[in-house]
Amino acid sequence: MFEDLLSLLFPETCYACSGSLARGEKYICTNCSVKLPYTDFHVHGATELNLLQRRFWGKVPVRFAFSYLYFRPKGRVQRLLHQLKYKGAKELGEHLGQRYGSLLSDFQYNSHFDVIVPVPLHKYKLRRRGYNQAEWFAKGLSKSMRLPYHGKVILRTTHTGTQTRKSRLDRWHNVEQVFEVDRPEQVQGRHVLLVDDVLTTGATLEACARALLAAGATEVSIATIAAA
Ligand SMILES: [Zn+2]
């Protein structure tokens, strides 16, 4: 009753198009839900037809690479990610995680993974934003795939103090190596599903995957909300 009154006074809007949501709709309206650019990476699994997977070939061994959506600038997906990252819509991350997790479970992928680990946020960004959007996506995946997730397994380390004296090449190398596994016991002997909100060049995920494997993870797979 109170909720009905509240929604009458402050109608909830769709995170993808800003239109008002109808009764029963949550976060994303039906029209946007239908029109989102879904990928088919999960249909192809680890075969060469999985184009996302292929992007990691020769870089780091990745068992499966998945992304729920394609990233298209100025479209619905960009608006969703903007809400998730800058407008405090962390529950949207969880919602997308739940949706994607149940799709991946329908294809029985959940049985492959042991633990879900999000890519960490820079410490100063975490302080400013108050939450790690990748962690909320991980939380949603964890619920619908019935797998544990550990939010603080990987750490971003910075070498700002020594960086100025180094050559440009060394610095670039440093940037590549900023991830460390803080709690190796959480990943040792396990197949880790590494997750992030968006994949652009894939360099961040690649560096994290490498850190996880070095820490003793048996396998690493990747899932993101959107891939460019
Ligand atoms: Zn909409």
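The values are calculated or read from the model by the stated rules, or taken from the named source; none is laboratory data. Source: prediction; values computed, not measured. Positions of Cβ are backbone-derived with ideal geometry, glycine not excepted, and every protein chain shown enters the neighbour counts. Heavy atoms of the whole protein, side chains included, go into the accessibility calculation; ligands, DNA and RNA do not. Shrake-Rupley method; radii C 1.70, N 1.55, O 1.52, S 1.80 Å.
Descriptive notes on the structure:
Residue-by-condition table, conditions (1) within 16 Å of the ligand (Cβ to nearest atom); (2) open to solvent by less than 30 Å² (accessible area, probe 1.4 Å):
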| position | (1), (2) |
| --- | --- |
| Gly24 | yes, no |
| Leu36 | yes, yes |
| Val43 | no, no |
| Thr47 | no, no |
| Gly58 | no, no |
| Lys90 | no, no |
| Gly97 | no, yes |
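- Every condition in (1) part of a loop (DSSP other than H, G, I, E, B); (2) at pLDDT below 95; (3) not hydrophobic (A, V, I, L, M, F, W, C) is met by Glu180 except one, and the failing one is (1).
- Residue check for Tyr15: open to solvent by 10 Å² or more (accessible area, probe 1.4 Å), within 16 Å of the ligand (Cβ to nearest atom) and out of contact with any Pro (no Cβ under 8 Å at 6 or more places or on another chain): yes
- Residues that are buried (at least 23 other Cβ atoms within 10 Å of the Cβ), within 12 Å of the chain's Cα centre (by Cα) and in contact (Cβ under 8 Å) with a residue 24 or more places away in the chain do occur in region 202-214.
- Test: residue in region 61-73 that is part of a helix (DSSP H, G or I), more than 15 Å from the ligand (Cβ to nearest atom), without any contact (Cβ under 8 Å) to a residue 40 or more places away in the chain and open to solvent by 30 Å² or more (accessible area, probe 1.4 Å): no
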